[in-house]
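Notes to accompany the following structure.
All of the numbers you see were taken from the coordinates with simple rules; none came from a lab. All figures in this text were calculated on a predicted structure; none of them were measured in a lab. Positions of Cβ are generated from backbone atoms using ideal geometry, with glycine treated the same way; all protein chains shown enter the neighbour counts.
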C-alpha cells in the first residue's frame, strides 16, 4: 500500500497506526527477551537458587480477570462510539478505567502475597525465580499505567466531544494499545503458570 496516497487525514491515520505497531513490536521483543532469560536461568539453576514448585499469587488470577474484562468494556465502548451513543461510550470508558486501576491494585496485592511467603525482590530473602516474576510483572504494570494515561486522555477528549463515528483515530489507537497490554498479561500469566509443570 502506498502511504503517500489518500487525504491528509488518511496519511496521518496510517502513519500513527504504523508508529503504534512499531512500538508494540519493540515491546514484544523486550518481553520475549525476558521470557528467554527466565527459561535459560531455569535450565542453569541450582536447587537452592530456583523454585521448581513456585506458586503465582491468587491476586494475579484476579488481575487477569479484571484486565480481560477491561478489554471487553473498551470493545463495547468502541462499538457504542460507532453508533454515536455517547452516553454508553462514557459508561464503558469509565468502566475500563476502573478495571484498569483495579488491575494495578490487584498486582500490588500479589506482590504482598509473595512477600508474605518470605520472598522479597532483593536481599537475603530474595529468590531468582520470584525476582524474575517481580521484574516481569512490574514492567507490565508500567505499560498498563501508560495505557491508563492514554485512557484518561481519551476520556478527556471524549468529554470535549472530539470523537464520533467519523473521527475515531485517537480512540482506536488507545484501544489497540490497551488490548495489546491485556493480551500480553494473558500470555505472561499462562507462561508463568504452566512453566512450572514443564521444568
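Couple of notes before you dig in:
- Kirkwood estimate for the chain, i.e. one over the average of 1/r between Cα atoms, Å: 18.6
- C-alpha long axis of helix 86-116 to longest principal axis of the chain, angle in °: 10
- Contact order normalised by residue count of the chain, Cα under 8 Å, 6+ apart, percent: 27
- Tail weight of P(r) past 19 Å, computed on alpha-carbon pairs of the range 104-172, percent: 51
- Within the chain, helix-based [θ] at 222 nm, where runs of 4 or more DSSP H residues each add -39,500 (n - 2.57), nearest 500: -27500 deg cm²/dmol
- The range 26-121: radius of gyration and largest Cα-Cα distance (Dmax), Å: 18.7, 59
- Where labels lie 7 Å past Cα in the beta-carbon direction, separation of residue 37 and residue 58 in nm: 3.2
- Computed lengthening from residue 146 to residue 72, 0.36 nm per intervening residue step minus Cα-Cα distance: 24.8 nm
- Here's the picture: a label point sits 7 Å out from the Cα of residue 193 along the beta-carbon direction, and within the range 21-35 the residues with their amide nitrogen under 19 Å of it are 35.
- Virtual spin-label span in nm between residue 101 and residue 10, 7 Å along Cα→Cβ: 4.1
- Shown for 103, 191: other C-beta atoms within 10 Å of each C-beta, ranked fewest to most, produce the order 191, 103.
- When 129, 122, 90, 73 are sorted by how many other C-beta atoms sit within 10 angstrom of their C-beta, beginning with the fewest, the order is 122, 90, 73, 129.
- Rounded, prolate or oblate (a/c below 1.5 giving rounded, otherwise prolate when a/b exceeds b/c) for the range 70-110 by Cα gyration tensor: prolate
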